[in-house]
Amino acid sequence: YHHDTNWNLVVVASLYYIGFRKDKTMTEDSGKETKEDLPVEAGEEVDDDNDDDDDVVEGEANGDAKKKRKKKKKKKKSASAAAAAAPVGIIKEPCQKPPHRGLKETAFTDAHVKYGQTEIPSIPVAKLFQGKELPMGEIQPHALESQTYRETSQEVRARDRMLEDLYSKVRLGSEVHRQVRNFAQSICKPGIELADFCTQLENKNRELVQERGLEQGIAFPTGCSLNHVAAHYTPNVGDKTVLSYDDVMKVDFGVHIGGRIIDSAWTVSFNPKYDNLLKSVQDATDAGIRASGIDVRLCDIGEEIQEVMESYEVELNGKMERIKAIRNLNGHSIGPYQIHGGKTVPIVKGACEESIRMEEGEIYAIETFGSTGRGYVIEDMECSHYMKRFDCPHVPLRMQSSKKLLSHINKTFGTLAFCRRWLERDDGGSAFVNPEGAKQEKYMGALKNLCDVGIIQPYPPLCDVKGCYTAQYEHTIIMRPTCKEVLSRGDDY
């Protein structure tokens, strides 16, 4: 009797417990969506919740204490991984036209938005193209018919593939140049101070290239030479020159990646009366590029440039002026950390030895200058551009200030060009190299001493006769084994 009574109590208690569990489960689940009501993600297995409940009830009833099966939770992506996978910007169609003349009809100041860049470019170009292929420059065949075999030769193509590391550097620098100049073209309007224009351009250059001193950054100061001044002018501190409607301005700046320099320039005007001057120089530069190639004589390129440029005339003040190529200005080869690499590309006939030719692997700046003046420039005005000589000898310095300035130049600029405006920045020219500041003060005596002993080379502005107008266009090209690539070519010029 006692045994039966105890057994009956156990059965009643178990049934009461099971009923209590079911009521509790139903109460908690009321108002909640079941798994069948929720969308199922692709690749996720659907578990039968009813089976799980049955297993639990059965286990509890039998005293087996079986554990409830737990569904695996899907791992969430980390914030950093999601950010890396997310697009850097919204891809749009360019629509903003430049406010000045001198560019092609296809020019847009927001051309970079087609890559997902912000309208005012702010995303570093290396980040913008991370995991993507950088835009290639314009591909042209080498000029000489004797070099056409290079396009199909397996050996030559193998040599070309071995230079991909170099190509990635110069293409990155070229894309930085294109996006920086798009920004510069958008702010280039009458009334802007040239010092402000250069500062904005150079700061944008530093931002998009992610300036890291001699590793990558600005290759040389921004040239903004006006009218009869053809080259090598940038404002010194205190210069309040303002751009006006009737000015003709040459904008010349550079970018370098690991010492590989991209050098490109264009001319700005607002008055349509200068259109023929600008068109003549732009066409002459394009003709010089077409005439270039492996084994081409440099003198032949100069002859081609002069022939095209001097076929134009421009009407100024009711008088027809023949446009002249500036005979003592040239293009040049470019070496690592060396803007003038040793060879010059003339822009007039007979200006160099006939034996000098272009060679495979070389990089050139093909630049042409046209003038309504005498077609010859001289050094004039206050100097702003300086550069340490690439082959400068060791010279013992007596002045402590000269030693200090030279140390700063070596650390910050090396053999790249610099200007006085950079020396007077709070960071001395590079926030990366001098994070704690290195503004140079009372340095002019030391700078003159370094120039006098031949360590630093000054580059004063180059001027034609006052009252005339000059124009410039320039592109950087590379003599690839299979073809030539116009690295700095864009939709603007």
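I'm trying to understand the selection: among the residues of region 232-250, which are assigned to a strand (DSSP E or B) and either out of contact with any strand residue (DSSP E or B) (no Cβ under 6 Å at 6 or more places or on another chain) or open to solvent by 10 Å² or more (accessible area, probe 1.4 Å) (or both)? Outline the logic, then answer.
Here is the first cut: in region 232-250, the ones assigned to a strand (DSSP E or B) are 242, 248-250.
Hit for region 232-250 is 242, nothing else.
Hey, can you tell me all the residues within region 391-421 that are modelled with pLDDT under 95 and β-branched (Val, Ile, Thr)?
The one that is modelled with pLDDT under 95 and β-branched (Val, Ile, Thr): 395.
Could you please find all residues in region 89-109 being touching a Gly at 6+ places or on another chain (Cβ under 7 Å) and open to solvent by 80 Å² or more (accessible area, probe 1.4 Å)?
90, 91
Within region 225-267, how many residues turn out to be of a type in the set (S, T, N, Q), within 24 Å of residue 104 (Cα to Cα) and within 27 Å of the chain's Cα centre (by Cα)?
3
Quickly run through region 393-419 and pick out the residues that are surrounded by 15 or more Cβ atoms within 10 Å (Cβ to Cβ) and either among the polar types (S, T, N, Q) or in a loop (DSSP other than H, G, I, E, B) (or both).
Across region 393-419, the qualifying residues are 397, 401, 402, 412, 413, 414, 415, 416, 417.
Please go through region 143-162 and give me each residue that is among the aliphatic types (A, V, I, L, M) and loosely packed, with under 13 Cβ neighbours inside 10 Å, ordered by number. Talk me through it step by step, then tell me what you get.
First pass over region 143-162, keeping only residues among the aliphatic types (A, V, I, L, M): 143-144, 156, 158, 162.
Those that are among the aliphatic types (A, V, I, L, M) and loosely packed, with under 13 Cβ neighbours inside 10 Å: 158, 162.
When you look at residue 225, is it of a type in the set (Gly, Ala, Ser), closer than 30 Å to residue 148 by Cβ and surrounded by 23 or more Cβ atoms within 10 Å (Cβ to Cβ), yes or no?
No: the conditions fail for residue 225.
Does residue 466 satisfy the criteria of being assigned to a loop (DSSP other than H, G, I, E, B) and at negative phi? Break it down into steps so the answer makes sense when it comes.
Details: assigned to a loop (DSSP other than H, G, I, E, B): yes; at negative phi: yes.
Yes: the conditions hold for residue 466.
Any residue in region 181-201 that's over 20 Å from residue 475 (Cα atoms): show its pairings with residues that are open to solvent by 50 Å² or more (accessible area, probe 1.4 Å) and charged (D, E, K, R) at Cβ separation under 8 Å, as long as the two are six or more apart or on different chains.
193/240; 195/240
From 443, 493, 473, grab the single residue that is without any contact (Cβ under 8 Å) to a residue 60 or more places away in the chain and open to solvent by less than 40 Å² (accessible area, probe 1.4 Å).
On the way: 493 fails: without any contact (Cβ under 8 Å) to a residue 60 or more places away in the chain; 473 fails: without any contact (Cβ under 8 Å) to a residue 60 or more places away in the chain.
Selected residue: 443, the only one of 443, 493, 473 that is without any contact (Cβ under 8 Å) to a residue 60 or more places away in the chain and open to solvent by less than 40 Å² (accessible area, probe 1.4 Å).
Could you tell me which of the residues 174, 168 is small (Gly, Ala, Ser), at pLDDT 95 or above, surrounded by fewer than 21 Cβ atoms within 10 Å (Cβ to Cβ) and within 15 Å of the chain's Cα centre (by Cα)?
The unique qualifying residue is 168.
For region 251-266, what are the residues that are assigned to a strand (DSSP E or B) and either free of Cβ contacts under 8 Å to residues at least 12 places away in the same chain or of a type outside the set (Phe, Trp, Tyr) (or both)?
251, 252, 254, 255, 256, 257, 260, 261, 262, 263, 264, 265
Report the residue count in region 316-331 for those that are surrounded by fewer than 19 Cβ atoms within 10 Å (Cβ to Cβ) and not acidic (Asp, Glu).
So the count comes out to 7.
When the residues of region 128-142 are narrowed to those that are open to solvent by 50 Å² or more (accessible area, probe 1.4 Å) and touching a residue at least 60 places away in the same chain (Cβ under 8 Å), which ends up nearest to residue 293 (Cα to Cα)?
141
Identify the single condition in (1) under 20 Å from residue 253 (Cα atoms); (2) open to solvent by 20 Å² or more (accessible area, probe 1.4 Å) that residue 426 does not satisfy, given that it satisfies every other one.
(1)
Which one of 360, 321, 307 is over 17 Å from residue 477 (Cβ atoms), among the charged types (D, E, K, R) and in contact with a strand residue (DSSP E or B) (Cβ under 6 Å, 6 or more places away or on another chain)?
Sole residue among the options that is over 17 Å from residue 477 (Cβ atoms), among the charged types (D, E, K, R) and in contact with a strand residue (DSSP E or B) (Cβ under 6 Å, 6 or more places away or on another chain): 321.
What helices (runs of 4 or more DSSP H) lie completely within region 144-220 and have 3 or more residues being of a type in the set (Asp, Glu)?
Hits in region 144-220: 164-187, 194-209.
The values are calculated or read from the model by the stated rules, or taken from the named source; none is laboratory data. The shown structure was predicted, so the numbers you read here are calculated from the model rather than taken from an experiment. We place every Cβ from the backbone using ideal geometry, glycine too, and count neighbours over all the protein chains shown. Remember, those area values only see protein heavy atoms, side chains included, never the ligands or the DNA or RNA. Shrake-Rupley method; radii C 1.70, N 1.55, O 1.52, S 1.80 Å.
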